Amino acid sequence: MTIYNFSAGPAVLPKEVLKKAQAEFLDYANSGMSVMELSHRSKEFEDIIKTAEQLLRDLMQIPDNYKVLFLQGGASTQFSMLPLNMAKGKKAYYLVAGSWGKKAYTEAVKLSKTIPFEPICLASSEETGFDRIPEFDNRLIDPEAAYVHLTTNNTIEGTSVYQLPETNGVPLVADMSSNILAVDYKVSDFAMIYAGAQKNIGPAGVTIVIVREDFLNDEPALSSMLDYRIQAENASLYNTPPTFGIYMAKLVFEHVTSLGGVAKMEELNRQKSSLLYDFIDRSDFYKSPVKFAKDRSLANIPFVTPNAELDKAFNQAADEAGFKNIKGHRSVGGMRASLYNAFPLEGVKALLAFMKAFEEERG
Ligand SMILES: *Cc1c(COP(=O)(O)O)cnc(C)c1O
């Protein structure tokens, strides 16, 4: 039975990448050691991390005045690390369009009880179940604010921001965890970008941070581990980094490069997701909880049947048929097909055939 992994993260990785890692697993580059056994100060690892950074710079066309960091702690640690470094006693706005964006805002509020700054919810779509990207009046934004934070792709609810908002000149910061390298954003539109690796980049354990130099903390008063400047000055080697994860990320960057880069990935992702969206749009049985087509995510596609009981039956039958991890997030229910870069087009076609058969049988 062919297995298709629809997991929202940790997610499917390119088979070619896994095979390469397997082939190099016991003896990396004739070192007689596995990557896992290499010192993070060794020549071999230095090559790995430098190459990974350069490949990511080329893929995302990251300008020279941005630092690229490979950190730990997941995107969730960035919810605190961002304001610690960048809020600078000012206002910090949050566009809350999903559960992760809400967490980012909630963490900022928590932190503001111990360090001085003012987190503000710019707009939220929570009232309508995060079924859309909320609108806001950009004249409400204080131009002196530190940043405006948004989530480019709402992993749980299946919405995305494609058209970046006008922010009254305030720097934009993005949690890009679930659509980095999948949608072709322009790095220079952001002061800072962060992403956990486990959706489009590699195994869990690496967090990518891309930060403009003038946003690095200028008063090193923080814990060193949480200080972007210290991490940058030490080229992500302040302490032991997640070496194997960075190596895997390097292999994924090589793979994405060989396929034609981020614009090509976006094109393929549009192709894959529109197959599923078109099918759902034509169906009277399946429905998308996302209110407006313009907000639809290319990466995470939630859908439901007419009732929770059928959703449960669908999830069970899908799992038995090899469509793994298609169950929606526990907070929203239903189904969710995560079609990250490494998810194959054949998998979408197979899912459509399964959905059709399920509707015929149970609809
Ligand atoms: C998965 C995810 C997170 C959480 O990432 P961790 O690495 O588990 O902390 C945060 N934001 C978004 C948008 C995500 O998809």
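Just to be sure before I move on: is S124 under 21 Å from N300 (Cβ atoms), within 16 Å of the ligand (Cβ to nearest atom), touching a helix residue (DSSP H, G or I) at 6+ places or on another chain (Cβ under 8 Å) and open to solvent by 20 Å² or more (accessible area, probe 1.4 Å) in the structure I sent?
Spelling it out, S124 is indeed under 21 Å from N300 (Cβ atoms), within 16 Å of the ligand (Cβ to nearest atom), touching a helix residue (DSSP H, G or I) at 6+ places or on another chain (Cβ under 8 Å) and open to solvent by 20 Å² or more (accessible area, probe 1.4 Å).
Quick check, is D137 farther than 21 Å from S223 by Cβ, without any contact (Cβ under 8 Å) to a residue 12 or more places away in the chain and open to solvent by 10 Å² or more (accessible area, probe 1.4 Å)?
When the stated conditions are applied, D137 passes them.
Name, by its number, the condition in (1) open to solvent by 60 Å² or more (accessible area, probe 1.4 Å); (2) outside any helix (DSSP H, G or I) that does not hold for K103.
The failed condition is (2).
Kindly indicate the residue of the stretch 4-28 that is assigned to a helix (DSSP H, G or I) and small (G, A, S) and also nearest to I156 (Cα to Cα) among those meeting that condition.
A21
What number of residues in the stretch 125-157 are in a loop (DSSP other than H, G, I, E, B) and more than 12 Å from W100 (Cβ to Cβ)?
Number of matching residues: 15.
Condition first: more than 30 Å from E267 (Cβ to Cβ), open to solvent by 10 Å² or more (accessible area, probe 1.4 Å) and near the ligand (Cβ under 10 Å from one of its atoms). Can you find one or more residues in the stretch 107-116 that meet it?
For the stretch 107-116, residues more than 30 Å from E267 (Cβ to Cβ), open to solvent by 10 Å² or more (accessible area, probe 1.4 Å) and near the ligand (Cβ under 10 Å from one of its atoms): absent.
Any idea which of (1) within 16 Å of the ligand (Cβ to nearest atom); (2) in contact with a strand residue (DSSP E or B) (Cβ under 7 Å, 6 or more places away or on another chain) is the one M86 doesn't satisfy?
Failed condition: (1).
Scan the stretch 300-358 for residues that are at pLDDT 95 or above and basic (K, R) and jot them down.
Hits for the stretch 300-358 are K312, K324, K327, R336, K349, K356.
If A353 meets every condition in (1) under 24 Å from R270 (Cα atoms); (2) in contact (Cβ under 8 Å) with a residue 12 or more places away in the chain apart from one, which number is that one?
(2)
What pairs come up if the first residue lies in the stretch 141-152 and is within 11 Å of Y93 (Cα to Cα), the second is part of a strand (DSSP E or B) and within 11 Å of the ligand (Cβ to nearest atom), and their beta carbons are under 9 Å apart, counting only those six or more places apart or on different chains?
Filtered contacts from the stretch 141-152: H149/A174; H149/D175; L150/A174; L150/D175.
The values are calculated or read from the model by the stated rules, or taken from the named source; none is laboratory data. For clarity, every value in this text was computed on a predicted model and none was experimentally measured. Cβ atoms come from the backbone with ideal geometry, glycine included; neighbour counts cover every protein chain shown. Each accessible area value is taken on the protein alone, full model and side chains, heavy atoms only, with ligands, DNA and RNA left out. Shrake-Rupley method; radii C 1.70, N 1.55, O 1.52, S 1.80 Å.
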